[in-house]
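Below is one structure; the comments refer to it alone.
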Amino acid sequence: MIKKVESYPLYDDGNHKVFWLGVEEAEDEKGILTNQYLIIDNDEAALIEPGGYFVFERVLRNVSSKIPPTKIKYLIYSHQDPDVVAGMNLWFEYAPLAKIVISKLWIRFISHLAILSGPRTIGIPDEGMEITVGNSKIKALPAHYLHSPGNFVFYDMKAKILLSSDIGAAAFPEGEWYLFVEDFDRHAEFMEAFHKRYMSSSKALRAWVRMVRNLDINMIAPQHGAIFEGENVKKFLDWLYNLEVGIDVYEHLFKV
Ligand SMILES: [Fe+2]
Ligand SMILES: [Fe+2]
């Protein structure tokens, strides 16, 4: 069983802060572990990958210890999976001024979560967009087919942190957990099966890596698993570039 860990600061220059928002005992018994992130710039905040019902209380507690949830300007979702969006109704209540930001592909689907959210949703166009939080900019960059067909990653231009959605996800073996990758080769073993099956296309993966290599990155922080920093950022991108995934691996299943 993993231990309870409260939030951890990934960046703090006084005006601009990025936090990883903790993990609790027994969350690994309720499905794959998830990471949530909070960006605060001056008096505004954005919550990235808010998460599902089981983590809501923990995430709310850790957000509230940094900033009143009423200061959340955006709830930002990389894609439509339950581990990302299932707590949306709750956040709608606790962050009454926040707008939902998600790929425009998913706007008409999230209303099935019983959210009457028309004026409170912003659909990200396929090519991405810039999101302003306080005096800072977050770039929503395309990550389509990795794995969702309408998928984005979020680059915090001030902190130089790339919040990478399911790209870089790892499923830890039972009882194991760490926040930062240390032994890359061992960590890759926890990522490989996830990427092969959940990512759709090697072509998309390589296009994404080529785009990301143009950014100045201090950390890559995924929605599951551990954070890459320093030389592990490059190791991770090189590993991804050479990985075969999705239909390129599983085409043989299509037979009758
Ligand atoms: Fe996902
Ligand atoms: Fe996920």
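Coordinate-derived values only; no laboratory data. Just so you know, these numbers come straight off a predicted model, no measurement behind them. In this analysis, Cβ positions are derived from the backbone assuming ideal geometry, glycine residues included, and neighbour counts consider all displayed protein chains.
Structure notes:
- Rounded, prolate or oblate (a/c below 1.5 giving rounded, otherwise prolate when a/b exceeds b/c) for the range 1-154 by Cα gyration tensor: rounded
- Protection proxy ranking for 16-29, 60-73, using the average of other Cβ atoms within 10 Å per residue and placing the highest first: 16-29, 60-73.
- For the range 147-204: rounded, prolate or oblate by the Cα gyration tensor [a/c cutoff 1.5]: oblate
- Overall, the anisotropy analysis places the range 144-256 in the oblate class: the square-rooted eigenvalues a ≥ b ≥ c of its C-alpha gyration tensor yield a/c not less than 1.5, with a/b not exceeding b/c.
- Cβ-based exposure ranking for R186, R197, in which fewest neighbours within 10 Å come first: R186, R197
- The calculated FRET efficiency for the pair N89 and M157, based on their C-beta separation and a Förster distance of 22 Å, comes to about 0.10.
- Of all beta bridges that DSSP places with both ends in the range 8-253, some 65 percent have antiparallel geometry.
- Against the chain, whose longest principal axis is taken from its Cα atoms, helix 53-64 shows a tilt of about 50°.
- Here the range 8-253 is described by how far its Cα atoms reach on the three principal axes: 46, 38, 37 Å, from widest to narrowest.
- Theoretical gain in end-to-end length, A207 to K234 [0.36 nm per residue, Cα-Cα removed]: 8.2 nm
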